[in-house]
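For reference, the structure is listed below as C-alpha cells.
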Amino acid sequence: QAQLQESGPGLVKPSQTLSLTCTVSGGSITTNYYWSWIRQSPGKGLEWIGYISYSGGTNYSPSLKSRTSMSRDTSKNQFTLQLSSVTPEDTAEYFCARGLKFGGADYFGSWGQGTQVTVSS
C-alpha cells in the first residue's frame, strides 16, 4: 500500500500556473501503475485531470488537456501537476492517487489526503 501526499500553495492568482507535487512513499512511481491527479469542486463530483504512467507517458482529460502538464522526479519519487491560465473555476480540492486499468474502467486504490487550492486575486 502506497502513501501519497500533496503539497503546494493553497492560493493562486488568476492567469498564473497552479503547481502541485505528489510525494509517494511505500512504492516506486517507476515500476507500475498510473499516477493520477483528480479534483473536486463545490457542488460537483470528482473530475479526473490526467495521469503520468510508471514509464513516464502522460494522458490528460480532453477538457483540460490544453492547460495541463504533468512530470516526475524519479530521484525523489514525486510527480507534479501544472495547470496553466487558471481562473476561479479551477478552485477545488486536488488529490493525487495511484490508479490502474481493469476491465476498461479506472480504479484508484491509494489517495492522498487532498489539498485545497483557491484561485483568487
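For segment 97-105, 3J(HN,Hα) computed residue by residue from phi via the Karplus equation (6.51, -1.76, 1.60; θ = phi - 60°) reads 8, 9, x, 8, 9, 8, x, x, 10 Hz, glycine and proline entered as x. Toward the positive end of the charge dipole of the chain, with +1 on the Cβ of Lys and Arg and -1 on the Cβ of Asp and Glu, the farthest Cα among S53, A105, G27 is that of S53. Distances between every pair of Cα atoms in segment 1-72, grouped in 10 Å steps from 0 to the bin holding the largest one, split as 17, 48, 31, 4 percent. For the chain, the solvent-accessible area of protein heavy atoms averages 52 Å² per residue (probe radius 1.4 Å; ligands and nucleic acids excluded).
Counting only heavy atoms of the protein chains and using a 1.4 Å probe, R72 has close to 80 Å² of accessible surface.
Between G50, G103, G27, where does the largest GNM mean-square fluctuation fall for the chain, given springs only between Cα atoms within less than 10 Å? Taking springs between Cα atoms under 10 Å, the residue moving most is G103. Rounded, prolate or oblate, given the Cα gyration tensor of segment 62-111, with a/c below 1.5 counting as rounded? The shape class here is oblate. Surface composition of the chain: carbon and sulfur make up 48 percent of the accessible area, probe 1.4 Å.
The separation of segment 8-74 from segment 85-121, counted between C-alpha centres, amounts to 7 Å.
The values are calculated or read from the model by the stated rules, or taken from the named source; none is laboratory data. Just so you know, these numbers come straight off a predicted model, no measurement behind them. Cβ coordinates were reconstructed from backbone atoms using ideal geometry, including for glycine residues, and neighbour counts include every protein chain displayed. Calculation scope for accessible area: heavy atoms of the full protein, side chains included, ligands and nucleic acids excluded. Shrake-Rupley method; radii C 1.70, N 1.55, O 1.52, S 1.80 Å.
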